[in-house]
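The structure under discussion appears below in the form of structure tokens.
Only the coordinates and a few stated rules stand behind these numbers; no lab work does. On a predicted model such as this, the values are computed, not experimentally measured, just so you know. Every residue, glycine among them, receives a Cβ derived from its backbone with ideal geometry; neighbour counts consider all protein chains shown.
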Amino acid sequence: MIAADYPTWFPDEEIDGTYGFDEGALRRVAPVPAPEGFAALWRGWNARIRAVAPRFEAGEYASFGTHEAAEIRYTAGDGTVLGAWIARPRDRAPRVVVVHSHGYGGRERPEFARVPDDAAVVFPLARGLGALNTGVGAPSERDEHVLFGIDDPQSYVLGACVRDLWLTQNIADELWGPLPHYLVGESFGGGVGALALPWDDRFIGATLVVPSFGQYDERLVAPCHGSGEAVRRYAAEHPEARGVLRLFDASSAATFARVPVRIEAALWDAHVPPPGQFGVAAGFRDRELMVLPAGHAEYPGLTEVRQRAIAGGVDHLHRSVARVSSDPR
């Protein structure tokens, strides 16, 4: 671990990105217990999406190193037409599908740093976000997006984004058959990933990087620069929203996961407060934790840390595939 001198690293930062937690205290943050009906709600949503025959059209493939990728347009469960990317190995049949989500900045193009050469990929783009879905199905502005539909669990945007992600898995099954799926998500994508992971048995593992939407008991008392600030202010004015948010707590969802998960969680992060990240990590039974010096920020040694993180995530993917390949069941 790189020795951190946060005041020197971030001299103009108004928020203490540690929120008063050292690593020991962060490791003691517990997930929020799931409310009654939590699992039934999510399992019901997943069952409905799994039953949907995917409707999609793919464009022309273009080369991206060891892969070739194409834009697709598909019809979501509520009839919204969304864009995403798919990619396949150029010279071999895939042995695993990577479901690769993104942060609140969206995604402008397919990215393959965390994708092995022998993996097919779906790149779900959250409704409202990214190069293909700006303003489609949800607002594109971050603070409006994270609050969209929050009055009703059935309409809240985070649930819609998870259901859209599951539907892209159906597309992967249509394209490449019943392969194992491995989830990769960062920030927004890490939180959505934690919400999606436990209920879909196609997933064999995941890497979640500085995951959002976890441990609302901590998030709602922590001012930040990220989407959590809009939620914190809204919940302060509308206390009834806390009941909806309990159904979308990534730390609660994590307690239902049964596959190996690698978490990359930061000691300092002024966008996604670290207690939330570590709360998500604590929820997973089979977890591998990499502690990052900081998240959502540039800092000395970042390139080296990122390289180690990516290598560790790809190794975790390979071990997850090997685990199911050797399972006699």
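Condition check for Glu304 on (1) charged (D, E, K, R); (2) surrounded by 15 or more Cβ atoms within 10 Å (Cβ to Cβ); (3) assigned to a helix (DSSP H, G or I): one failure, at (2).
Check region 94-108 and report whether any residue there is surrounded by fewer than 21 Cβ atoms within 10 Å (Cβ to Cβ), within 19 Å of Ala196 (Cα to Cα) and either among the polar types (S, T, N, Q) or over 18 Å from the mean Cα position of the chain (by Cα) (or both). Scanning region 94-108 turns up no residue that is surrounded by fewer than 21 Cβ atoms within 10 Å (Cβ to Cβ), within 19 Å of Ala196 (Cα to Cα) and either among the polar types (S, T, N, Q) or over 18 Å from the mean Cα position of the chain (by Cα) (or both). Would you mind stating whether Glu240 is farther than 23 Å from Ser320 by Cα and not aromatic (Phe, Trp, Tyr)? So Glu240 passes the test.
Listed by first and then second residue, the pairs with beta-carbon distance under 6 Å, at least 6 apart or on different chains, first residue in region 2-28 and under 18 Å from Val210 (Cβ atoms), second surrounded by 13 or more Cβ atoms within 10 Å (Cβ to Cβ) and of a type in the set (Ser, Thr, Tyr), are Trp9/Tyr299.
Tell me which residues, restricted to region 225-242, are surrounded by fewer than 21 Cβ atoms within 10 Å (Cβ to Cβ), touching a residue at least 60 places away in the same chain (Cβ under 8 Å) and not aromatic (Phe, Trp, Tyr). The answer is His225, Glu229, Ala230, Ala241.
Just so you know, in region 272-287 the residues that are under 16 Å from Gly226 (Cα atoms) and over 15 Å from the mean Cα position of the chain (by Cα) include one that is surrounded by the fewest Cβ atoms within 10 Å (Cβ to Cβ), and it is Pro275. Suppose we keep only residues that are of a type in the set (Ser, Thr, Tyr) and not in a loop (DSSP other than H, G, I, E, B) within region 174-222. Which one would you say is farthest from Ala311 (Cα to Cα)? In this case the residue turns out to be Tyr216.
Just so you know, in region 118-146 the residues that are buried (at least 20 other Cβ atoms within 10 Å of the Cβ) and out of contact with any strand residue (DSSP E or B) (no Cβ under 8 Å at 6 or more places or on another chain) include one that is nearest to Phe203 (Cα to Cα), and it is Ala126.
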